[in-house]
2 protein chains.
Amino acid sequence: MDLRDYEKWPATSKSVYESIEIRIPFKPSSILITGMGGSGIVGDVVRDYLGNRLPIHVVKDTIVPDWINDKTLTIAISYSGNTAETMCSALLAHGKGSHVVGITAGGRMLKEFNERGISVITIPSATAPRFGFPQLLYAALAVINKAIGINEEDIEESIAAQEEALRDKLIAADIGNQLIGRVPYIFVDSRVQGVAIRFKNDLNENAKTPAIVAAIPEADHNDIVTLMMNHPVKHILIRAGPNPIIDAVETVFNDFLSKLIKIDLKGNGILAKELYGISLLGVTTLYMAETLGVDPVRTDPIDALKKRMGRLC
Amino acid sequence: MDLRDYEKWPATSKSVYESIEIRIPFKPSSILITGMGGSGIVGDVVRDYLGNRLPIHVVKDTIVPDWINDKTLTIAISYSGNTAETMCSALLAHGKGSHVVGITAGGRMLKEFNERGISVITIPSATAPRFGFPQLLYAALAVINKAIGINEEDIEESIAAQEEALRDKLIAADIGNQLIGRVPYIFVDSRVQGVAIRFKNDLNENAKTPAIVAAIPEADHNDIVTLMMNHPVKHILIRAGPNPIIDAVETVFNDFLSKLIKIDLKGNGILAKELYGISLLGVTTLYMAETLGVDPVRTDPIDALKKRMGRLC
């Protein structure tokens, strides 16, 4: 099985988290995280983990809202450093007085942020931006730790969860086998929806497969009606621990469906559950790519699009 | 063609908007909108329309974040008044000192809000909650107008856009015809993603059909890779006026696909574009239900689920 960088993830997470030295000179009242695709998913994970403590605004676009100000900490993430949308939104945030910190492996972000005196952290490289997820996430978490303080045990547990997921790689392969040729329909506990968003993105990029993300309880009010007819989809339910609403959904699924793929996220805290799920299901998509005979790294339509878009700001 | 309540929408929108008499005794620094399904979509539309002016936090869940406070205006929307999740989140928001306004046709919300002295607006009934969308949206807009002031011309244009969509009902039927038997893959300009979320929900409930929402530019970094293989999906592109990124996406689509369904939203402002798209595509899903021979109002799995869930708080 092709594991790409996954076996390096736990060690990379630890070393990146411990290496960040930065001072955040104020206590932010909100955090804006801007980034696209394999970089932008960091925002979703951080929102699941810390969005209850303070507003975490995730931007996957060229723009930022007018209401951000000097109380907003902006974390701009671009693995390549050349993502047009992220450069635009980060510079707009800077122009509105927000304190911006960049996270990148180089490119235009490193150069231009340095020239303008904007903080920028460089992270180690990976096989492709999405496989550099630990570098990006744990750098962002280290920055947030300096700003508002986070629990060290959550960090440690989340790294152990990655190792656990690697030990479960046969489960990952089995899930992949059941998804081939169907549109994965991912029902997920809303507390850990970052796992499903990342899984969908990995299905798209690694296995060239479309997928639907349906967060529970919202999906109980619309998506679940589609069980009344047959469709070329395969249902998956991602659980994040005891939840009576998810129990009810599971029973209804069992009444209407022949077979449901059920994934129980291991770990105690939200961050550990997210890292377990993201690692396990990332490996699932690599396994699917192998079975389908496609190269997980190639993304031709993105390359064609980037050429057409050029520099946006 | 079965048009359900759509022909009444423009008149209902106007009369509800003009009838709301309420005083909001402070200028909120953020707005939280809580609601599920056909009621919750109001939050998405309002966020597209006003999210640049102040933070609009959309909750489709039983909980609210810890950071909300007495500077937050909460609008709790439940058509039936009995939505378990919305009752829980609204009462939690009230407990945190947020000023809550309920919007409902009756039920538990009307009774309990009155007992607790929480403001509540009653709106006229509809064939099903999702067909009561104008009542819910224009009541919410009227409340927001009292709090922060909104442009009357936007309201008028958005009502005219609904009439325009009704005149385009043959376009709606043609779109429906092309979607039967496939999973609609809805690519949408991120500025109007409420249109795509509502279209997906209407596909789910009215036509019992799953669908994927892919907001551009984020979808350019993941979903678009799936064009490299054949899948049981049908691609739709929803445009909201000139946008060089959408132009680039359209060209890449044309290079990889045999045929793309393209929808140009009519209207000048964001609110009008949203109401045009929501009305047009709502009618599309009713047409699909007719073709598929399913009852657009029946939602058996939701009914089964609600029975199992019961009262959550």
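The values are calculated or read from the model by the stated rules, or taken from the named source; none is laboratory data. Please read these numbers as outputs of a predicted model, since none were measured by experiment. In this analysis, Cβ positions are derived from the backbone assuming ideal geometry, glycine residues included, and neighbour counts consider all displayed protein chains.
I need a count of the residues in the stretch B:124-142 that are of a type in the set (A, V, I, L, M) and surrounded by fewer than 23 Cβ atoms within 10 Å (Cβ to Cβ).
The number of residues fulfilling the criteria is 3.
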Would you be able to tell me the number of residues in the stretch A:173-195 that are among the aliphatic types (A, V, I, L, M) and over 30 Å from residue B:60 (Cβ atoms)? 2
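So if I check each of A:115, A:157, A:153, which one is assigned to a helix (DSSP H, G or I), under 20 Å from the mean Cα position of the chain (by Cα) and either surrounded by fewer than 16 Cβ atoms within 10 Å (Cβ to Cβ) or not basic (Lys, Arg) (or both)?
Step by step, each of A:115, A:157, A:153 is checked, and only A:157 is assigned to a helix (DSSP H, G or I), under 20 Å from the mean Cα position of the chain (by Cα) and either surrounded by fewer than 16 Cβ atoms within 10 Å (Cβ to Cβ) or not basic (Lys, Arg) (or both).
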With the first residue restricted to the stretch A:203-229 and required to be within 7 Å of another protein chain (Cβ to nearest Cβ) and of a type in the set (Lys, Arg), and the second required to be surrounded by fewer than 24 Cβ atoms within 10 Å (Cβ to Cβ) and assigned to a helix (DSSP H, G or I), Cβ contacts under 7 Å at 6 or more apart or on different chains are A:208/B:228
If I ask for residues that are crowded, with 21+ Cβ neighbours inside 10 Å and either within 14 Å of another protein chain (Cβ to nearest Cβ) or at pLDDT below 95 (or both), which ones from the stretch B:160-189 would you list? B:179, B:183, B:184, B:185, B:186, B:187, B:188, B:189
Looking at (1) part of a helix (DSSP H, G or I); (2) buried (at least 23 other Cβ atoms within 10 Å of the Cβ), which is the one condition that is false for residue B:253? (2)
Output the number of residues of the stretch B:210-230 satisfying the condition of being out of contact with any strand residue (DSSP E or B) (no Cβ under 7 Å at 6 or more places or on another chain) and outside any helix (DSSP H, G or I). 4
Checked B:203, B:136 against criteria (outside the structural domain of residue B:244 (by TED's automatic domain parsing) and in contact with a helix residue (DSSP H, G or I) (Cβ under 6 Å, 6 or more places away or on another chain)); the one match is B:136
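To keep it simple, each residue is scored yes or no on (1) of a type in the set (A, V, I, L, M); (2) in the same structural domain as residue A:140 (by TED's automatic domain parsing); (3) crowded, with 24+ Cβ neighbours inside 10 Å; (4) outside any loop (DSSP other than H, G, I, E, B).
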{"residue": "A:33", "(1), (2), (3), (4)": "yes, yes, yes, yes"}
{"residue": "A:39", "(1), (2), (3), (4)": "no, yes, yes, yes"}
{"residue": "A:42", "(1), (2), (3), (4)": "yes, yes, yes, yes"}
{"residue": "A:45", "(1), (2), (3), (4)": "yes, yes, yes, yes"}
{"residue": "A:54", "(1), (2), (3), (4)": "yes, yes, no, no"}
{"residue": "A:61", "(1), (2), (3), (4)": "no, yes, no, no"}
{"residue": "A:64", "(1), (2), (3), (4)": "yes, yes, yes, no"}
{"residue": "A:68", "(1), (2), (3), (4)": "yes, yes, no, no"}
{"residue": "A:75", "(1), (2), (3), (4)": "yes, yes, yes, yes"}
If you take the residues in the stretch A:283-301 that are acidic (Asp, Glu) and part of a helix (DSSP H, G or I), which one is farthest from the other protein chains (Cβ to nearest Cβ)? A:290
Residue identified as surrounded by fewer than 22 Cβ atoms within 10 Å (Cβ to Cβ), touching a residue at least 60 places away in the same chain (Cβ under 8 Å) and more than 14 Å from chain B (Cβ to nearest Cβ) among A:269, A:241, A:277: A:269
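Table: residues versus (1) of a type outside the set (D, E, K, R); (2) more than 14 Å from residue A:34 (Cα to Cα).
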{"residue": "A:73", "(1), (2)": "yes, no"}
{"residue": "A:97", "(1), (2)": "yes, yes"}
{"residue": "A:116", "(1), (2)": "no, yes"}
{"residue": "A:132", "(1), (2)": "yes, yes"}
{"residue": "A:161", "(1), (2)": "yes, yes"}
{"residue": "A:166", "(1), (2)": "yes, yes"}
{"residue": "A:169", "(1), (2)": "no, yes"}
